[in-house]
1. Between ASN93, ASN115, which is assigned to a helix (DSSP H, G or I), more than 30 Å from VAL182 (Cα to Cα), open to solvent by 80 Å² or more (accessible area, probe 1.4 Å) and not aromatic (Phe, Trp, Tyr)?
2. Restricting the search to the range 183-236, which residues are surrounded by fewer than 17 Cβ atoms within 10 Å (Cβ to Cβ) and assigned to a strand (DSSP E or B)?
3. If I ask for residues that are at pLDDT 85 or above and open to solvent by 100 Å² or more (accessible area, probe 1.4 Å), which ones from the range 305-344 would you list?
4. Of the numbered conditions (1) out of contact with any Phe, Trp or Tyr (no Cβ under 6 Å at 6 or more places or on another chain); (2) at pLDDT below 85; (3) farther than 16 Å from ALA256 by Cα, THR51 satisfies every one except a single condition; which is it?
5. Taking the range 249-308, which residues are among the aliphatic types (A, V, I, L, M) and in a loop (DSSP other than H, G, I, E, B)?
6. Scanning the range 352-404 for residues that are aromatic (Phe, Trp, Tyr) and part of a helix (DSSP H, G or I), which turns out surrounded by the most Cβ atoms within 10 Å (Cβ to Cβ)?
7. Would you call ARG111 under 20 Å from GLY233 (Cβ atoms), out of contact with any Phe, Trp or Tyr (no Cβ under 6 Å at 6 or more places or on another chain) and basic (Lys, Arg)?
8. Determine which member of the set ASP134, ASP143 is at pLDDT 75 or above, part of a helix (DSSP H, G or I), open to solvent by 70 Å² or more (accessible area, probe 1.4 Å) and not β-branched (Val, Ile, Thr).
Amino acid sequence: MLEFTICSLVTILPDYLYRRYVQGKRWGKEINYFSLWYELRWGIVTCLMLTITVITLVFYYHPTTNNVTFAFRTVTILPERAGRVDEVFVANNQLVKAGDPIFSFEDSEQRTFVNAAQQRVNEAEAGLTVAQADLAAAQGNVDQALGAFEEAQEELARKEELQRRNAQVVAQAEVDELRNLVQSRQGALDAANAQLVAVDVRIKTLLPAQIAAAKADLDEAQIVLDKTVVRAGVDGRVEQLSLRVGDYISSILRPAGILVPTFEGRLRVQAGFGQLAAGVVKPGVVAEISCFSKPFTVIPMVIVAVQDVIATGQIRPSDNLLDLQTRGPPGTITVFMEPIYENGLDGVPPGSSCIANAYTSNHERLANEDLGLGEYLFLHAVDATGLVHAMILRIQTLLFPVTELVLGEH
């Protein structure tokens, strides 16, 4: 309607003024409702053609969309195991930090497992203490066996020396007996050394492995116990939490609630433009949005990213052949916009519905490129029509309360 009104000022109005003041035709006489089409046919036809041209230029080079939202993610509060609620630490709409407890399960069984694992750790560490005492005892046995062995060797050497000097002094049977004693005590020394090595290996290898295994079991039992307390994974606000002590919670049957993460950094708005706008909406293009949740406000934005695929084209392997006729309506091009000015989205609640305009700008081309007259005038006309679309957006913004509160369905 606005485009038609503007176009009529340069087509129908001059045609009427020509008929009135040049040809002398008056409204209500020569020009009336029955002769209007005939008398003003040139202005009307030209106005319609110009209106269609302007509308095409406006909506192609300055696309608009109602598919705009301030999307946000939510985190479902789910336990890793099922159980009965023992205590609830937070309330609805409460802000929590990452790691803060939300609720806990009944944990008597898990505490029993932790205590049992701790006892096994204590038992293994006590075994290490006993083994160290056994090591001292084994070392004493080695020293004792070594002393007896050396004593037998010295006695044998003394007897052999006496026999060598005088064979009548020491009998051969006595020497043989000492040799057997030396061999026996050598075996006792080897056994004592073997026992010492066994105790040493038990202290350095076996018992540390047993202690490590017992501590691993303790850590596992402690992890299971810790999982009985469900904690917030991110900073955010708790919503839809209706837990009571005694409720049974399961990750499959019943989630506990929803955690809405806290927004940080520059916030983004997602918009879906028609596919005809693919050549226009690009990173760096200036845009404007107006949201229902913040009436009478137009927020300057800039497109920072454009999704390079259209969602309706995705396929998922199945046991049916794909028939394109059964596909849904044509999808939109998803773009991501950020406010040009800091805190531009203040007062716009996440999830708000908005409308958006994107504006093609040829300022750099007009300033830096050597263009022909036709292209120069055309680019100027494209930039000028952006003003029309900006006016339409502001009119829509002013009419939001009227269309929603008065003319909307209640």
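The values are calculated or read from the model by the stated rules, or taken from the named source; none is laboratory data. Since we're looking at a predicted model, the values are computed, not measured. For neighbour counting, all protein chains shown are included, and Cβ atoms are generated from backbone atoms with ideal geometry for every residue, glycine included. Note: areas computed on protein heavy atoms with side chains; ligands, DNA, RNA excluded. Shrake-Rupley method; radii C 1.70, N 1.55, O 1.52, S 1.80 Å.
1. Values: ASN93 fails: assigned to a helix (DSSP H, G or I).
When all the criteria are applied, what remains is ASN115.
2. Residue satisfying the conditions is VAL229 alone.
3. Scanning the range 305-344 gives ASP308, TYR341.
4. For THR51, the failing item is (1).
5. Quick first cut of the range 249-308, residues among the aliphatic types (A, V, I, L, M) only: 249, 252-253, 256, 258-260, 267, 269, 271, 276-278, 280-281, 285-287, 289, 298-299, 301-306.
Those that are among the aliphatic types (A, V, I, L, M) and in a loop (DSSP other than H, G, I, E, B): ILE252, LEU253, ALA256, LEU267, VAL280, VAL281, VAL285, VAL298.
6. The selected residue is PHE400.
7. Answer is no for this residue.
8. Residue meeting the stated conditions: ASP143.
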